[in-house]
Amino acid sequence: MDRLLTLLPELWAATFETLYVVSIALLFGGLAGLLLGLALYATRPGSLFPQRAVFGVLNVVVNFFRPIPFVILLAAVQPLARGIGIPGIGPEFGIFAISLASMFAISRIVGQNLLTVDRGVIEAARAAGASRSRILFRLVPREALGPLILGYTFILVALVDMTAIAGAVAAGGLGEFAIVYGFRQFNPAVTWAAVLVIIVIVQAVQFLGNALARKVLRR
């Protein structure tokens, strides 16, 4: 316990580093995943911009990368990261790998949630003169906003888990803190302190996401 008290500054620093990595990864992965999800929705047969070949390629790419366990993806994308000037270790690499993983997960969630939008709403908008692009980028996401918030909340929780795994490649945050000061030094109290902080972060994210989704769905 005394050792844990002396490590409190490092614990808080690791907590803020985890939040930083998650925020940046969500920014890049969230935007890329949203665009990819919109493309999946728009190009599927019978949708706004049906392109069977484009949809088939996008669907295969997402299905190929999405099931890869994150710990394996970390090793698999190291050559790609180095090829574009990102070190194969450290926080920058962690952000790159987490953004990539979240992009494919988010794209599938976005694509599936957009399918829940009532076709009658889309047809009514078309009849009123709205362009297909306006429907795709404004109407459809707004109609599916509640489920999208819940989907992004789920992904945000997953990103916190990914940052913990990325600690194995010195990506910083609570994962590296638990490995360096807890696991390697045989100090379970330090490891459990990191676990409890992660639980608090996850519970806060889940609570806020659920509350925001309920507020949107009541409208």
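One table, with the values for the structure above:
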| quantity | calculated |
| --- | --- |
| Mean shadow area of segment 16-137 over all directions, Cα convex hull, nm² | 8.9 nm² |
| Carbon plus sulfur fraction of accessible area for segment 49-94, probe 1.4 Å, in percent | 70 percent |
| Solvent-accessible area per residue for the chain (1.4 angstrom probe, square angstrom) | 54 Å² |
| For the chain, calculated [θ]222 nm from helices alone, where every DSSP H run of n ≥ 4 adds -39500 (n - 2.57) | -24500 deg cm²/dmol |
| Spin-label proximity, residue 200 to segment 16-52 - amide N less than 19 Å from point 7 Å beyond Cα toward beta carbon | 16-23 |
| Alpha carbon centroid spacing (whole Å) that separates segment 94-158 from segment 1-56 | 14 Å |
| For the chain, alpha-carbon Rg relative to the globular expectation (2.2 N^0.38 Å, N residues) | 1.18 |
| Rounded percent of accessible protein surface that carbon and sulfur make up, segment 112-219, 1.4 Å probe | 64 percent |
| Taking the convex hull of Cα positions in segment 159-219, its mean projected area over all directions (nm²) | 4.2 nm² |
| With eigenvalues of the C-alpha gyration tensor scaled by 5 and rooted, segment 98-214, Å | 41, 14, 8 |
| Average silhouette area of segment 65-142, convex hull of alpha-carbon atoms, in square nanometres | 6.8 nm² |
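The values are calculated or read from the model by the stated rules, or taken from the named source; none is laboratory data. Everything numeric here is computed off the predicted structure, so don't read it as measured data. Note that each Cβ is placed from the backbone with ideal geometry, even for glycine, and that neighbours are counted across all protein chains shown. Side chains are part of the model used for accessible areas, which takes the heavy atoms of the whole protein and leaves out ligands, DNA and RNA. Shrake-Rupley method; radii C 1.70, N 1.55, O 1.52, S 1.80 Å.
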